1. Is it true that Ile127 is buried (at least 24 other Cβ atoms within 10 Å of the Cβ), aliphatic (A, V, I, L, M) and touching a residue at least 12 places away in the same chain (Cβ under 8 Å)?
2. If a residue must be of a type in the set (Gly, Ala, Ser), assigned to a loop (DSSP other than H, G, I, E, B) and either modelled with pLDDT of 85 or more or under 29 Å from Cys105 (Cα atoms) (or both), how many such residues does the stretch 474-503 contain?
3. Counting only residues that are at pLDDT below 95 and at positive phi, how many does the stretch 10-29 have?
4. When you check Ala7 against the structure, is it modelled with pLDDT under 95, of a type in the set (A, V, I, L, M, F, W, C) and in a loop (DSSP other than H, G, I, E, B), yes or no?
5. Identify the single condition in (1) out of contact with any His (no Cβ under 9 Å at 6 or more places or on another chain); (2) open to solvent by 30 Å² or more (accessible area, probe 1.4 Å) that Leu194 does not satisfy, given that it satisfies every other one.
6. Scan (1) open to solvent by 10 Å² or more (accessible area, probe 1.4 Å); (2) in contact with an Asp or Glu (Cβ under 6 Å, 6 or more places away or on another chain) for the single condition Ala41 breaks and write down its number.
7. Read through the list (1) of a type outside the set (D, E, K, R); (2) more than 30 Å from Gln9 (Cβ to Cβ); (3) open to solvent by less than 40 Å² (accessible area, probe 1.4 Å); (4) not in a loop (DSSP other than H, G, I, E, B), then give the number of the only condition that Val225 fails.
8. Given the criteria closer than 30 Å to Ile13 by Cβ and β-branched (Val, Ile, Thr), does Val196 qualify?
Amino acid sequence: MPTSSTATQPPNILLVMADQLTASALPSYGHALVQAPNLSALAQRSVVFDSAYCNFPICAPSRFSMLSGRLPHAIAAYDNASEFPAATPTMAHYLRHAGYRTILCGKMHFIGPDQLHGYEERLTTDIYPADFAWTPDWRRGPSHRPTGVSMRPVVEAGPCIRSMQIDYDDEVEYRAVQRIYDLARAPEQQPFFLTVSYTHPHPPFVAPQRHWDRYRHADIDMPRVAEIPYEQLDEHSRWLYVAHAQDQYTITPAHVRQARHAYYAMVSYVDEKIGSVLSALSETGLDRNTVVVFVSDHGEMLGERGMWFKQCFFEDSVRVPFMVSWPQRLTPSRVGAHVSLVDLLPTFVDLAAQGGAPSAPALDPLDGQSLMPLLQGQDSGEERVVISEYSSEGVCAASRMVRQGRFKYIFTHGLPPMLFDLQADPHELNNLSGQAEHAQVEQALHQRLIQDWEPAQVHERILASQRQRLFLAEVAASSELYPNWAFQPYVDESKRFIRGSGTAGPTSIKARARLPYVEPVPPDRKTESNS
């Protein structure tokens with residue numbers, strides 16, 4: 001039962017994100033080798049969703065979709081260079097309306113001049129560009145790689161002393177932990193919505209030596225599904241084969257084992273970072289009324305089927321870890337219903353409302369559904385449908401996935417569809433599309449897929465968007481004065497520590513910064529007798 005001090009208060013919400021972490025690489029999802037003790041402990045006290053999906057298997061559109069509660073193509077989130085318009089309401093806006101302090105720490109890959117999107121504070125800069133430089137150009141075919149992706153991360157995998165991503169995530173960890181301490185000392189800033197977003201275990205596949213050494217190289221498991229020859233691949237996978245420059249590199253079993261070793265070490269590294277944040281939350285006592293949600297923006301193929309990175313709808317690319325913990329309010333359990341990242345916004349609004357916070361009606365038609373019935377064990381979720389979309393670099397046409405029941409249906413404009421029975425065929429090796437005994441299922445899933453998504457129209461809108469942004473990117477590149485939208489974090493050092501304290505003395509200021517707070521001890525007021 002909730003305590004009287006927290007039962008009627010809106011809960012704080014801590015959203016922790018990893019980048020490119022596939023669910024299958026976590027011990028809480030069945031991996032016997034990977035060491036992630038902090039996430040394993042979180043799973044033990046969480047409602048864990050076993051069938052959770054991203055809504056776009058690449059970074060920026062996945063995050064825009066999650067924040068807005070809407071499917072990516074509904075908000076023109078087509079690729080990693082699509083602008084996220086400031087006029088799109090996000091979960092941060094809704095929670096701010098409900099009285100929450102909204103804070104972002106770490107990666108979110110916002111594209112465009114608005115680098116806050118409802119967050120009042122942003123503690124770090126981002127790690128990726130905020131402009132249109134990475135705009136795909138389908139007219140140039142799958143070999144056009146605006147981000148320069150290739151198989152180098154696989155063939156160059158190994159331990160390291162430092163990397164750019166280690167530099168970044170160390171800073172995210174420090175800023176997040178410090179902000180939790182500050183929040184604990186500032187009750188007026190509660191309830192809070194704090195998003196902490198790391199870049200690991202996104203490639204390149206390099207990790208600190210001490211995390212590398214947590215694994216014996218000979219123990220590293222190889223992919224469950226061996227490489228599928230190019231001539232046997234579906235067309236979408238052939239596009240990615242070229243887009244990832246697999247036609248230019250020879251990937252040996254040694255490369256595969258080395259890259260997987262590094263990835264597991266990177267998971268252990270980010271698990272340690274997550275543990276620091278959760279430890280600060282517990283140490284300050286804020287955990288008693290904080291909902292902790294852990295997700296990833298998408299997965300990583302990690303050599304399965306011979307494929308790497310993401311950008312497809314196979315399970316390791318599109319399925320993500322998803323855990324929700326709320327001490328004394330949610331009973332730890334496993335949920336098999338299909339859910340996705342767009343469900344977070346309506347869930348957070350419901351969580352705030354349960355504590356009495358005011359809620360605003362949805363300003364846009366949300367594509368997500370609140371998970372509260374599932375979290376509270378009031379609904380089996382058997383009829384739930386998950387949709388994911390893809391249209392970024394590496395492919396040459398708009399594509400969409402529908403997951404319902406035991407089936408997954410994949411449609412790419414202009415290509416033959418694919419249908420998989422994941423209960424009978426968990427490795428997605430037997431395409432059932434076109435088979436008479438599955439025609440009724442395929443027809444129903446196709447009708448759901450095109451219900452709010454007309455392939456040819458979406459395809460043309462994406463091409464038009466690419467042409468516009470490629471033009472703008474060319475103009476920007478030709479001018480040194482063109483505005484840079486990268487977020488610049490600013491700290492007013494004139495008011496930190498003792499500075500800016502007005503008439504209060506340094507002793508008083510230091511006392512207020514002590515955690516836990518200790519009431520000032522009055523002087524004894526001794527007087528000497530004059531007798």
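The values are calculated or read from the model by the stated rules, or taken from the named source; none is laboratory data. This structure is a prediction, so every number in the text was calculated from the model and none was measured. With ideal geometry, Cβ positions are generated from the backbone for all residues, glycine too; neighbour counts draw on all protein chains shown. Just the protein is used for accessible areas: all its heavy atoms, side chains included, with ligands, DNA and RNA removed. Shrake-Rupley method; radii C 1.70, N 1.55, O 1.52, S 1.80 Å.
1. Details: buried (at least 24 other Cβ atoms within 10 Å of the Cβ): no; aliphatic (A, V, I, L, M): yes; touching a residue at least 12 places away in the same chain (Cβ under 8 Å): yes.
No: the conditions fail for Ile127.
2. The number of residues fulfilling the criteria is 5.
3. Adding up the residues that qualify gives 0.
4. Working: modelled with pLDDT under 95: yes; of a type in the set (A, V, I, L, M, F, W, C): yes; in a loop (DSSP other than H, G, I, E, B): yes.
For Ala7, the condition - modelled with pLDDT under 95, of a type in the set (A, V, I, L, M, F, W, C) and in a loop (DSSP other than H, G, I, E, B) - is met.
5. Only one criterion is unmet by Leu194, namely (2).
6. Status for Ala41: all satisfied but (2).
7. Answer for Val225: the failing condition is (4).
8. On the way: closer than 30 Å to Ile13 by Cβ: yes; β-branched (Val, Ile, Thr): yes.
It is true that Val196 is closer than 30 Å to Ile13 by Cβ and β-branched (Val, Ile, Thr).
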